[in-house]
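Notes follow once the structure below has been shown.
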Amino acid sequence: MGKFQNITDKDGELLVKTARKTVHELLKNNLKYYDNEFESKFDFNSGIFVTINKNNSLRGCIGFPLPTKKLSEGLIDAAMSSAINDTRFSPLTIDELDQVVFEVTVLSNPEKIIVNDSKEYFSIIKIGRDGLIVEKSGFSGLLLPQVPKEYGWNVEEFLSFTCEKAGLESNSWKDISTKFSKFEGMIFKEESPNGRVIRESTDDVLNK
């Protein structure tokens, strides 16, 4: 069994709490958080995203979709970048830390989706389970598995918005030359700012 499947709820709690500690250390002391035990525990490569929400609205989200970094390193880098380098938002401030919720998504390795007809996507992609990466003509974009669930999208809408995220036309998914990959995400998040960490379940999510 792979490292992705082996991640426990306790591991998830540690990842989320470390993301918060990382941002606190960055904003308060302008230092990069380091913990030797944490680094040793998560020394395998994995895709990772850190999401910061404030008042149920996105405040920052950055990560690494491909397993190019050790999970420990990727978590630290993604947490810092989500806090201060997401160009959609102003940098997070130390005063906001008690108002934001941290969420960590650990990614499985992306798997290319091979289809002969774009309609086949409807039976292959499952809302809530799969995240998507789209690539075409030098453009690429990614949406995490929780995004279509949060917005109530069906598979067609998920495909369309993933294309838009990449700067493509929304109907580009109908072109067979447009390449998609799917991945699963293990999602852990605080229930409230600095609160209890839970694993988000997708067992009851069905395609619409």
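Please treat every number below as a calculation from the coordinates, not as lab data. Remember, it's a predicted structure, so these values are computed and weren't measured experimentally. Heads up, the Cβs are rebuilt from the backbone with ideal geometry, glycines too, and the neighbour counts pull from every protein chain shown.
For the chain, with the dipole built from +1 on Lys and Arg beta-carbon atoms and -1 on Asp and Glu ones, taken about the Cα centre, which of 122, 58, 195 lies farthest toward the positive end?
Ranked along the dipole, the leading option is 122.
Mind checking the full-extension length gain between residue 135 and residue 90? Use 0.36 nm per residue of separation minus the Cα-Cα distance, one decimal, nm.
13.4 nm
Pull up all non-local amide H partners of residue 59: gap of 5 or more, or a different chain, and H-to-H distance under 5 Å with H placed in the peptide plane.
Residues meeting the amide H criterion: 52, 53, 54.
Please enumerate, by chain and number, the aspartates and glutamates with C-alpha under 20 Å from the C-alpha of residue 174, excluding those fewer than 8 residues away in the same chain.
Result set, ordered by chain and number: 111, 117, 120, 130, 135, 156, 157, 164.
In whole Å, largest first, what are the principal axis extents of the Cα atoms in the chain?
52, 39, 33
Determine the distance separating the Cα centre of segment 134-208 from the Cα centre of segment 56-130; give it in Å without decimals.
10 Å
Each residue of segment 115-121 in turn: what ³J(HN,Hα) in whole Hz from Karplus with 6.51, -1.76, 1.60 and θ = phi - 60°, glycine and Pro shown as x?
9, 9, 9, 4, 5, 5, 4
Which of 121, 151, 33 moves most in a GNM of the chain, Cα contacts under 10 Å?
151
Go through 14, 141, 92 and say which Cα lies farthest out towards the positive end of the charge dipole of the chain; charges sit on Cβ, +1 for Lys and Arg, -1 for Asp and Glu.
My answer, from the dipole projection, is 141.
In deg cm²/dmol and to the nearest 500, what is the mean residue ellipticity at 222 nm of the chain if only DSSP H runs of at least 4 residues count, each as -39500 (n - 2.57), divided by the residue total?
-9000 deg cm²/dmol
Applying the Karplus parametrisation 6.51 cos²θ - 1.76 cosθ + 1.60 with θ = phi - 60° to the phi angles of segment 22-33, what ³J(HN,Hα) value in whole Hz is obtained for each residue in order, glycine and proline being reported as x?
4, 5, 4, 5, 5, 6, 7, 10, 6, 10, 8, 5
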